[in-house]
1. Check Asp201: other-chain or 5+ apart residues with amide H under 5 Å from its amide H, H built from backbone geometry?
2. So which lysines can Lys73 reach, going by Cα to Cα under 30 Å and dropping same-chain residues fewer than 8 places off?
3. Which aspartates and glutamates, if any, have their Cα less than 13 Å from the Cα of Lys138, not counting same-chain residues under 8 positions apart?
4. Only sites in a loop by DSSP and with at most 15 other Cβ atoms within 10 Å count here; which chymotrypsin sites (Phe, Trp or Tyr not before Pro) in the stretch 40-88 make the cut?
5. For the stretch 67-138, which GluC sites (Glu not before Pro) are both in a DSSP coil and crowded by at most 12 other Cβ atoms within 10 Å?
Amino acid sequence: MFQSPVRRARASGRSVLYAVTGLVMVVLLVAAVVAGNVVWNGAPYPSADPDAVAQRLKARSDEVYDDFALPEKYAADSGRVDTGACYYRGLRSTAHIDEARSDVRSFGLDWSVPGVPEATARDAQRRVRQRLVQDGWKLTDEGDRAGATLRELGFRFANPVGGEQVDVRWNDSTTTLFISVYAPCGQVPDEFVEYDWSEADWHPKE
């Protein structure tokens, strides 16, 4: 059947309009699904290689121990990288209140140096502070903490890139320097098993 050029142009225009409308609807649907997923699940956790994280924490502990520059008679105890609980984000967290995720962990390495006098501890802390400031870390907590039977002095620094933390405390009841090096939550591989984790152990350098 013969169609005038005007009718053909109108038909072609309608086809283009339908195609564009369909494409817009698909884009809007995909955007709605993505937005709904983000609202429900929250921001995804970054992937974490447990061995690589352990190596970073142990390397940072080595630096702290070196910066302490303590006399040889003050020996550091060994430590072990342990994992901590991480929780669901977004609206999904309301359905899993206080339920830790099995596939997401934080990481911490704690160790100590016993029998350190206050003056020696303060000097050691000052050297660590200087290193962290030079490396671009930010002070997030500082000062003396006094209780009925315990007084602590120390600080906490955080790395703006990656969120790792270093916490150094000394208390007068045990005259012990306590060090905690922390890495934030990350999604670990399915095959990660902590109980026989060979990379977890840290020993102070001789």
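1. Val81
2. Here the lysines satisfying the reach criterion relative to Lys73 are Lys58, Lys205.
3. Filter leaves Glu164, Asp167.
4. Numbers: sites: Trp40, Tyr65, Phe68, Tyr74, Tyr87, Tyr88; in loops: Tyr74, Tyr88.
Those that pass, being in a loop and sparsely packed, number zero.
5. Numbers: sites: Glu72, Glu99, Glu118; in loops: Glu72, Glu99.
Here the sparse-neighbourhood loop sites are Glu72, Glu99.
Laboratory data are not the source of any read-out in this text; all were calculated from the coordinates shown. Computed from a predicted model, the values in this text were never measured in an experiment. Ideal geometry is used to build each Cβ from the backbone, glycine not excepted, and the neighbour counts take in all protein chains shown.
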